[in-house]
Amino acid sequence: MEIPFNNAFMLNSAKTENAIDKIENNAKSDKDIQKAAQDFEAVLLNMVIKSMWKTVPKSDLFEKNSANNIYEGLMHSSLAEEMASNGGMGIATALAKQLSKEQKNL
């Protein structure tokens, strides 16, 4: 799988680093850990949604331009964040549970 180095990649990378920083440095409560895990799951879901979107047949109904690309990126990000906040695929729950255990052992 080819990883594109564009704005979406940079945004996902920044969100992932922010989630990791929260967990390593600032996660004082289970709520902080859960939020960081949800942010991480949203990044993963965003990547999955973008890959799935590429398989949808293209239409000439709408002109392909930068505004359309921006809209699609915002739609993917919003959908991924909404999915992650409503349970997603369960990655955030499992990750938060594991991180809580590890933090209590420190």
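Put simply, of Ser100, Ser77, Ser85 the only residue that is in contact (Cβ under 8 Å) with a residue 40 or more places away in the chain, closer than 17 Å to Met52 by Cβ and surrounded by 12 or more Cβ atoms within 10 Å (Cβ to Cβ) is Ser77. Pairs are defined by a Cβ separation below 6 Å, a sequence spacing of at least 6 or placement on different chains, a first member in the range 30-58 that is in contact (Cβ under 8 Å) with a residue 40 or more places away in the chain and farther than 15 Å from Ser78 by Cβ, and a second member that is surrounded by fewer than 18 Cβ atoms within 10 Å (Cβ to Cβ) and among the hydroxyl-bearing types (Ser, Thr, Tyr); the pairs so defined are Asp30/Ser100; Ile33/Ser100.
All of the numbers you see were taken from the coordinates with simple rules; none came from a lab. A quick note: this is a predicted structure, and the numbers were derived from the prediction, not measured. Neighbour counts are summed over all protein chains in view; Cβ atoms, including those assigned to glycine, are modelled from backbone coordinates with ideal geometry.
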